[in-house]
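Data first, discussion second: the structure below is written as structure tokens.
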Amino acid sequence: MPDRKLRNSASSKRPRFATTHWSVVLAAGKSSSPNQKQALETLCQGYWFPLYAYLRQRGYNTHEAEDYTQAFFTHILEKHDLQAADPKYGKFRSFLLIRLKYFLCDEQDRAKAKKRGGGRNRKILSLGFQNAEDQYALEPADQLSPEKLFEKSWALTVLERTMDRLENEMDKKNNKKLFELLKIYLTTEKDVIPYRNMAKELKMPEGSVRVAVHRLRRRYRKLLRDEIAQTVADEDQIDEEMGHLFDALAH
């Protein structure tokens, strides 16, 4: 599990809060705009799996969970549900789960009157359902409520996206091997591999390995904060959301 010191990594001198995907969605208010829709679409593509896990945990089978996840995103992107994006939600995470619950209630009401028609929900997002069930099988499904599983899946998605961004950065700098060997220091509480052993593996001085790990951790923290920032309304919510994510991982 990532170092809990990440919670307290914020600098006392923070830069001005940058425009993020979720802040764009909220700022548009009741007048939907192309930028707003694009921002929400980007977020949905990155964070669909927690909703899939939530549906599976509620008892929907694999195909139903895929269908409802896709139908839900089609609904909010094509049927003006963007207008329901209200600052009261604060976080994209909260908005999605609340709107999904409303959507499921509406779908159940419609199903009582008419069977769901094939092709009624056009797919407008490309979602990677191919590995969804394998990923869901790794979750401690029998121990968590649907809501708790959603929160944990969300936290894991944030960390996974952060790690992917860091890996891409390192790859562009031709440091792929260095990243692959040092990333273990990002996901454990302690330095499980002595630096002297890693130095031998990398054929680097031990001091250089320590510096490389320190820089990697620092960059990881920055990217993690940026990833979280994309899903909250303002800067003051970043640390709160970070704490919430680590709490979700701990249970």
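Side notes on the structure shown:
- Check on VAL192, surrounded by fewer than 19 Cβ atoms within 10 Å (Cβ to Cβ), out of contact with any Lys or Arg (no Cβ under 9 Å at 6 or more places or on another chain) and not in a helix (DSSP H, G or I): yes
- The range 169-226, residues that are over 27 Å from the mean Cα position of the chain (by Cα) and among the charged types (D, E, K, R): ARG196, LYS200, GLU201, LYS203, GLU206, ARG210
- Yes/no for ASN168 being in a loop (DSSP other than H, G, I, E, B), modelled with pLDDT of 90 or more and surrounded by fewer than 16 Cβ atoms within 10 Å (Cβ to Cβ): no
- In the set (1) more than 23 Å from ARG225 (Cα to Cα); (2) crowded, with 18+ Cβ neighbours inside 10 Å, PHE179 fails one condition alone, (1).
- Selected residue (criterion: modelled with the highest pLDDT) from residues of the range 130-155 that are surrounded by fewer than 18 Cβ atoms within 10 Å (Cβ to Cβ) and either of a type in the set (A, V, I, L, M, F, W, C) or at positive phi (or both): ALA137
- Failed criterion for PHE246 (all others in (1) farther than 15 Å from LEU178 by Cα; (2) crowded, with 18+ Cβ neighbours inside 10 Å hold): (2)
The values are calculated or read from the model by the stated rules, or taken from the named source; none is laboratory data. Predicted model, so just to flag it, every value in this text is computed and none were measured. Reconstructed Cβ throughout: ideal geometry from the backbone, glycine too, with neighbour counts over all protein chains shown.
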